[in-house]
Amino acid sequence: MGKVKQTADAALDSRVMVLASDLAGKKLSNSLHGNTGVGLDLDQFVSKCIFFMRSGGSQTDDQRARSLTQERYRGQAALQEDDEDDDTGDGLDWTVLGGQACFPCNRRPPVSSFLLGPLSVQKRARTTQVRRAKSQRQPVGPATRPQELQQSDLKQSENSNLTHLVKGIKAKLEQHIRDGEERVVAELEEIEGNPDEEDTKAACRRHRVYPSCENELCVSLFDFVVNPNSFGQTVENLFYVSFLIREGNAMVTEDNHGLPLLVPSAPRSLQEQRQQNVQKHQAIFSIDYQIWKTLIEAFDIREPLIPHRMPEETNVSANGWYS
């Protein structure tokens, strides 16, 4: 195998070795199991053993010269006589066979490890299982059906309805800008002479409206959403305003200082957006407690523009549903 270089040659050599080992195994099995063609002749062996035990262990030269056919005939006759002896009670001299033939050739003591199989074999009886019809399970108690819920069982509060809250915030935004514009105009009319730009800015700050770069009155995004009484509702207001911006009901612009302003707008259709080449931008705004406190001080917010929402009490009805 050391000189083999090709894989095909190695495969052929391996196949020859496998076939040779299989043939050797078959030959050995035939010799051990007494195959008449190859190995030991059982009839001849048994006839010689019977003759050996009947003659007391001695065998003459004349007896050794007998032919194979005579020995087979004698073996068959011996078997018949053995059967007759078993009936009459005469046995063979097994002591002679063991003392002169078996023990000299086998010096190992017969221990329990040489036994093949158990001493007593109990044949298993095959049991057949009888199929029984499945018994129907009887109900233990009274059968109950799922409870059908009605619209009255699920009462939704107006303060917890997202659509209603967003519409209310939009209306509050429009109303605050209208009222602020009217108050600013009325205050400027009371000033004698022509009011300058500083007077206009001061009046807008007092009424919490701010002019944009296009001189359109708006409301500051932070001033509109910040609730000085509740940090949680400030975050909720930002969330609701984001829905207004996404739907196109509000628009974010900037003032002269780059601060965000919020102004109402009319939603555009898809066709109008394509004609005007409207592009949508997404921004992520984060706020924490410290920023919330800073915005309150910076814009001097004392009252929230979006009314404070009182927390509702959760009641459980008789049926076990929250209302």
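The values are calculated or read from the model by the stated rules, or taken from the named source; none is laboratory data. Remember, predicted model here, so these are calculated numbers, not experimental data. Neighbour counts run over all protein chains shown; Cβ positions are idealised from the backbone, glycine included. Calculation scope for accessible area: heavy atoms of the full protein, side chains included, ligands and nucleic acids excluded. Shrake-Rupley method; radii C 1.70, N 1.55, O 1.52, S 1.80 Å.
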If we ask which residues in segment 212-230 are open to solvent by less than 50 Å² (accessible area, probe 1.4 Å) and either at pLDDT below 85 or part of a strand (DSSP E or B) (or both), their number turns out to be 5
Per the filter on segment 234-254, residues over 38 Å from the mean Cα position of the chain (by Cα) and within 15 Å of D223 (Cα to Cα) are T234, N237, L238, V241, V252, T253, E254
For segment 264-276, give me the residue count where each residue is open to solvent by 100 Å² or more (accessible area, probe 1.4 Å) and either closer than 19 Å to S242 by Cα or at pLDDT 80 or above (or both). 4
For H257, which of the numbered conditions (1) within 46 Å of the chain's Cα centre (by Cα); (2) within 20 Å of Y210 (Cβ to Cβ); (3) open to solvent by 70 Å² or more (accessible area, probe 1.4 Å) fails to hold? (1)
Segment 178-206, residues that are under 18 Å from D300 (Cα atoms), surrounded by 16 or more Cβ atoms within 10 Å (Cβ to Cβ) and over 60 Å from the mean Cα position of the chain (by Cα): A203, C204
Condition (residue is free of Cβ contacts under 8 Å to residues at least 40 places away in the same chain, of a type in the set (S, T, N, Q) and assigned to a helix (DSSP H, G or I)) applied to segment 231-244: is it met by at least one residue? yes
Counting just the residues of segment 148-177 that are surrounded by fewer than 13 Cβ atoms within 10 Å (Cβ to Cβ) and modelled with pLDDT of 85 or more, which one comes out nearest to N237 (Cα to Cα)? A171
